[in-house]
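To keep things clear, I will list the structure first and then write my remarks on it.
The values are calculated or read from the model by the stated rules, or taken from the named source; none is laboratory data. Keep in mind that what you see is a predicted model, and the values were worked out from it rather than measured. Counting neighbours? That spans all protein chains shown, and the Cβs are built from the backbone with ideal geometry, glycine included.
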Amino acid sequence: MTMTAIAAVDTALWDILGKALGVPVIQLLGGRSRDNVLVYGHANGETIDDTVKAVEAYIALGYKAVRAQSGVPACPRLWCRADRHALRTRREGTAPPSTLQHREIT
């Protein structure tokens with residue numbers, strides 16, 4: 001909680017300084033460092049089939065990267081192994097090339 005409060009005050013101070021100087025905070029921090037960033041979707045499902053459908057939905061929305069996991073995070077005993085090969089095979093031919101991230105629970 002303390003770090004959250006410090007971060008909130010820090011952000012507010014940068015904002016106040018930017019407004020006082022009439023410049024965007026990004027300029028105070030040194031300017032733009034890149035033209036874009038990779039944003040990824042977080043697809044999950046109770047089964048591999050559910051997860052594949054969620055991956056396909058993110059790709060249909062235009063995401064270039066998707067983090068995929070299967071199972072129930074709150075109940076570690078119920079996690080399924082997110083099999084990268086199964087996910088790739090099941091969505092093969094349905095979407096443009098993308099980065100597929102996954103989490104394996106052993």
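Counting only helices (runs of 4 or more DSSP H) wholly contained in region 1-78, the ones carrying 3 or more residues that are touching a helix residue (DSSP H, G or I) at 6+ places or on another chain (Cβ under 8 Å) and modelled with pLDDT under 85 occupy 48-60.
When region 9-56 is filtered for residues that are closer than 30 Å to residue 70 by Cα and exposed (fewer than 11 other Cβ atoms within 10 Å of the Cβ), the ones remaining, listed by number, are 36, 37, 38, 39.
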